[in-house]
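Before any comments, here is the structure.
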Amino acid sequence: MYGIPEFRLPKTIVQQEIEGLKEMGVEIECNTVIGRSQTVDELFEEGYEAVFIGSGAGLPNFMNLSGENLKGVYSANEFLTRCNLMKAYQKGGDTPLQRAKRAVIVGGGNVAMDAARCAKRLGVGHVYIVYRRSMEELPARKEEVEHAMEEGIEFLLLRNPIRVLGNEEGWIRGVECVEMELGEPDESGRCRPVEKNGSNFVLEADCMIMAIGTSPNPLIRSTTEGLETNRKGCLVCDEQGRTTREGVFAGGDAVSGAATVILAMGAGKTAAKAIDEYIKNKQ
Amino acid sequence: MYRILRKQRLNPTVTRMVIDAPKVARKAQAGQFVILRVKEDGERIPLTIADYDAMAGTVTIIYQIVGATTMLLDRLEQGDAILDFVGPLGRPSEVKHLHKVCVIGGGVGCAIAYPTAKALHENGAEVTLISGFRNKDLVILQEEFQAVSKTCHLVSDDGSTGKKGLVTDVLKELIEQGESFDEVIAIGPLVMMKFVCLLTKQYSIKTIVSMNPIMIDGTGMCGCCRLSVGGEMKFACVDGPDFDGHAVDFDEAISRSSTYREHERKAREEACNLFHKEVAS
Ligand SMILES: Cc1cc2nc3c(=O)[nH]c(=O)nc-3n(C[C@H](O)[C@H](O)[C@H](O)COP(=O)(O)OP(=O)(O)OC[C@H]3O[C@@H](n4cnc5c(N)ncnc54)[C@H](O)[C@@H]3O)c2cc1C
Ligand SMILES: Cc1cc2nc3c(=O)[nH]c(=O)nc-3n(C[C@H](O)[C@H](O)[C@H](O)COP(=O)(O)OP(=O)(O)OC[C@H]3O[C@@H](n4cnc5c(N)ncnc54)[C@H](O)[C@@H]3O)c2cc1C
Ligand code: FES
C-alpha cells in the first residue's frame with residue numbers, strides 16, 4: 001500500500017482483496033512488528049503450527065555519496081510513502097513533503113519511473129532520471145518508460161551521480177554527475193558502465209530521490225534462530241516456500257529480492273499448499 | 001484502538017499518558033519507542049516509552065506539545081483511544097555492563113532519560129542525574145529522578161529553579177572534583193548533546209546519546225531517520241536510537257532536523273486556528 005502509486009494500482013483494488021480475506025475469516029493483526037512486538041518463536045508458543053513470512057524487501061539502498069544526507073535527498077521509499085500512503089499530495093494530509101522545482105531521480109527501474117511520475121504530478125517543473133547504462137539496459141518495463149516520457153520526464157542516460165552539492169542551509173543545490181560508457185559485459189551479462197574521465201558536470205536540483213533498489217529487512221531473520229539467508233539477505237527457500245526452519249515458510253520479495261506483485265502472490269499460493277500439507281502430515 | 005487510562009499535565013506544555021497496550025508493555029525495554037497515529041490520515045509520530053508495566057499491560061508516554069500532531073493527541077482525554085500504537089521499536093539501551101553512570105536530561109529529553117536511568121538503577125548501577133530546563137515552569141520528573149539516582153542535580157537557564165547554568169557546567173564541575181563515570185548518557189536537544197560530547201571527549205569518557213531524527217515507519221523502511229555515525233550511514237530507528245556520541249555528526253543531524261520547519265509552523269498555526277474555531281463555535 002505504501003509504494004505503488006494510485007495511478008498504477010488503485011488502493012480500492014487492494015482494499016477489495018483485503019475485504020475478501022476478512023470475509024473468508026482471516027484475522028488481521030495490525031500494529032504488530034514481528035521481531036519486536038512478538039517473535040516467530042512466540043507465535044509457535046501461542047499454538048500456531050506454521051508461520052509464513054512475506055515481509056517484503058523494504059530497506060532502501062543508498063550510494064554512500066558525499067552529501068547524500070543533505071536536506072532534500074530522499075529514498076524512493078520515503079518519497080513515495082509520504083506521497084502515496086500518507087497522502088502528502090492532499091491538502092489536509094498531515095505529512096509534509098517538500099515542494100521542489102527540479103528533481104533528480106537516480107535509478108532506472110519501475111520504482112524510479114513511479115517516483116519520477118509522482119514528482120511530476122506534484123508539480124515539480126523538471127524531473128530527470130539519471131541512469132548509468134543506456135536505454136537498452138533500462139530495467140523498467142517498456143510501457144513505464146513510455147508513460148514517463150509522455151509525462152515529460154527527462155532521461156539522462158549513461159550518467160552517474162558522484163556527489164551531492166549543498167547550500168549554506170544544508171539543502172541540496174545540485175548533483176555532480178559524470179558521463180559513462182559501456183565497457184565489457186559483467187557477470188550479469190550486461191555491459192559494465194565505466195566513467196568517462198573529465199566528463200563531470202553539475203545538474204542543478206533541489207530534490208534528489210534514490211531509487212537504486214532495496215534489500216530485505218533484517219528484523220525477522222536476526223530475531224529468529226535457524227533461518228538461513230543468502231548473501232543479499234534474502235531468506236533461503238525451496239520451491240514449495242519452505243525455509244531452513246521447520247514450520248516456517250516464506251515468499252515474495254523477502255525471498256526473491258524486489259520483484260513483482262504477481263510473483264509474490266504466486267509464491268503465497270504455492271506456500272499455502274505446502275503449509276496445508278505440512279499441517280495435515282503432522283497430525 | 002488503544003485506550004488512554006490516565007492523563008496528567010506535568011507542565012504547561014508537557015503531558016503524561018498511561019495507555020492500555022498489553023502487547024507493547026510485555027516486550028518493552030528502556031530506550032525503546034512507539035510510533036502512534038492519532039487519527040486516520042494523521043501523521044505518525046515516534047514517542048519514547050517513558051515507563052511500562054508488563055503485568056498491568058500499560059505503557060506510559062510523555063510528550064511535549066510542539067506541533068500539529070502532539071496538539072491533536074493532547075485533545076484526547078482519559079477514556080478516549082489512540083488509533084495506532086506500534087512498538088516497542090528500536091534497540092533497547094545497553095545498561096547491564098555499567099556500574100557508575102551520569103545520566104543527563106535536557107527539557108523534554110528527561111522523559112526519554114528517565115526509563116534509562118530507572119533501568120540502570122534497577123540493575124544496581126550508581127546513577128548521578130543532571131537535569132536542565134529553561135525555567136522553573138518547565139521542570140518535570142524530579143521526584144521520579146530522585147527515586148532512581150544517588151545524587152540529583154537541577155539547573156535552569158535563568159536560575160529560576162536549581163542552579164543557574166547549563167548541564168555541561170555541572171558535569172564539568174563533577175569531573176573536575178574527581179568524580180569518575182563508566183559512561184555518560186545524554187538525552188536532550190541536539191545542541192545540548194553535542195556540547196556534552198565535546199566536553200566528555202576532552203576527558204575521554206564514553207558518551208551515549210539518544211538520537212531523535214524525523215521518522216516515518218520506525219522499522220528501517222524509509223531511510224528518513226538516517227544519520228552519520230563514525231562516517232557510516234545509520235538508521236536511527238533500527239540501529240539506534242542510542243549511539244556513541246563521539247561518533248555522531250551532530251551538525252548534519254541539526255541541519256536535517258530543520259527540513260520541515262516551515263511546513264510545521266504552518267501546520268501548527270492551522271491546527272491552532274481549527275481548535276480555536278471549534279472552541280468558539
Ligand atoms: C514504488 C514501487 C512500485 C512498484 N510497482 C510495481 C508494479 O507496478 N507491478 C508489480 O508487479 N510490482 C511492483 N512493485 C513491486 C511490488 O510492490 C512487490 O514485488 C510486492 O509488493 C512484493 O510483495 P510481498 O508480499 O513480498 O512484500 P510487500 O508487499 O513489501 O509486503 C511486506 C509487508 O510486510 C510488512 N512487514 C515487514 N516486516 C515486518 C515485520 N517484521 N513484522 C510485521 N510486518 C512486517 C510490511 O509492512 C509490508 O506490509 C513496486 C514496488 C515499489 C516499491
Ligand atoms: C525515537 C524518538 C523518540 C521520541 N520521544 C519523544 C518523547 O518521549 N517525548 C516527546 O515529547 N517527543 C519525543 N520525540 C519527538 C516527537 O516525535 C516530536 O516532537 C513529534 O513528532 C512532533 O510532532 P508534531 O506534529 O506535534 O510537531 P511538528 O510541528 O511536526 O514538529 C515539531 C518538531 O518535532 C520534530 N518531528 C516532527 N515530526 C517528527 C517525526 N515524525 N519524528 C521525529 N521527530 C519529528 C521536528 O523535527 C520538529 O522539530 C521523539 C522522537 C523520536 C524520533
Ligand atoms: S524511520 Fe523509516 S527508516 Fe527509520
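Okay, residues lined up against (1) in contact with a helix residue (DSSP H, G or I) (Cβ under 8 Å, 6 or more places away or on another chain); (2) among the hydroxyl-bearing types (Ser, Thr, Tyr); (3) buried (at least 17 other Cβ atoms within 10 Å of the Cβ); (4) closer than 24 Å to B:LYS201 by Cα:
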{"position": "B:VAL95", "(1), (2), (3), (4)": "yes, no, yes, yes"}
{"position": "B:VAL101", "(1), (2), (3), (4)": "yes, no, yes, yes"}
{"position": "B:VAL139", "(1), (2), (3), (4)": "no, no, yes, no"}
{"position": "B:VAL148", "(1), (2), (3), (4)": "yes, no, yes, no"}
Do the conditions hold for B:GLU94, that is, is it among the charged types (D, E, K, R), away from chain A (no Cβ under 14 Å) and over 30 Å from B:PHE195 (Cα atoms)? no
Condition set within 8 Å of ligand 1 (Cβ to nearest atom), modelled with pLDDT under 90 and within 28 Å of B:GLY87 (Cα to Cα), scope the stretch A:236-271, selection nearest to the other protein chains (Cβ to nearest Cβ): answer is A:ALA258
Note: among A:GLY233, A:GLY183, just one is over 22 Å from A:ILE4 (Cα atoms), of a type outside the set (A, V, I, L, M), within 16 Å of ligand 3 (Cβ to nearest atom) and at pLDDT below 90, namely A:GLY233
Odd one out for B:LEU89 among (1) free of Cβ contacts under 8 Å to residues at least 40 places away in the same chain; (2) more than 16 Å from B:ILE4 (Cβ to Cβ); (3) aliphatic (A, V, I, L, M): (1)
The stretch B:39-51, residues that are within 9 Å of ligand 2 (Cβ to nearest atom) and within 16 Å of the chain's Cα centre (by Cα): B:ILE45, B:PRO46, B:LEU47, B:THR48, B:ILE49, B:ALA50
Quick check on this structure: which one of A:GLU49, A:GLU45 is away from chain B (no Cβ under 13 Å) and either under 19 Å from the mean Cα position of the chain (by Cα) or at pLDDT below 95 (or both)? A:GLU49
Taking the criterion of being surrounded by 19 or more Cβ atoms within 10 Å (Cβ to Cβ), at pLDDT 90 or above and within 20 Å of A:PRO10 (Cβ to Cβ), would at least one residue in the stretch A:83-103 satisfy it? no
Does B:SER160 satisfy the condition of being part of a loop (DSSP other than H, G, I, E, B) and surrounded by fewer than 18 Cβ atoms within 10 Å (Cβ to Cβ)? yes
With respect to B:ALA21, determine if the residue is within 14 Å of ligand 2 (Cβ to nearest atom) and buried (at least 23 other Cβ atoms within 10 Å of the Cβ). no
Right, B:VAL196: surrounded by 24 or more Cβ atoms within 10 Å (Cβ to Cβ), more than 16 Å from ligand 1 (Cβ to nearest atom) and either within 14 Å of chain A (Cβ to nearest Cβ) or assigned to a helix (DSSP H, G or I) (or both) or not? yes
Restricting the stretch B:219-238 to residues that are away from ligand 1 (no atom under 16 Å from the Cβ) and among the small types (Gly, Ala, Ser), which is farthest from the chain's Cα centre (by Cα)? B:GLY231
For B:GLY132, the lone unmet condition from (1) within 17 Å of the chain's Cα centre (by Cα); (2) farther than 18 Å from B:VAL209 by Cα is (2)
Give the residues of the stretch A:9-35 that are basic (Lys, Arg) and within 22 Å of the chain's Cα centre (by Cα), sorted by residue number. A:LYS11
Being modelled with pLDDT under 90 and facing chain B (nearest Cβ under 9 Å) is the requirement here; does A:PRO60 meet it? no
Of those in the stretch A:150-176 that are surrounded by 13 or more Cβ atoms within 10 Å (Cβ to Cβ) and assigned to a loop (DSSP other than H, G, I, E, B), the residue farthest from the chain's Cα centre (by Cα) is A:ASN167
If B:GLN177 passes every condition in (1) free of Cβ contacts under 8 Å to residues at least 40 places away in the same chain; (2) within 14 Å of chain A (Cβ to nearest Cβ) but one, which one does it miss? (2)
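The values are calculated or read from the model by the stated rules, or taken from the named source; none is laboratory data. All values derive from a computational prediction rather than experimental measurement. Reconstructed Cβ throughout: ideal geometry from the backbone, glycine too, with neighbour counts over all protein chains shown.
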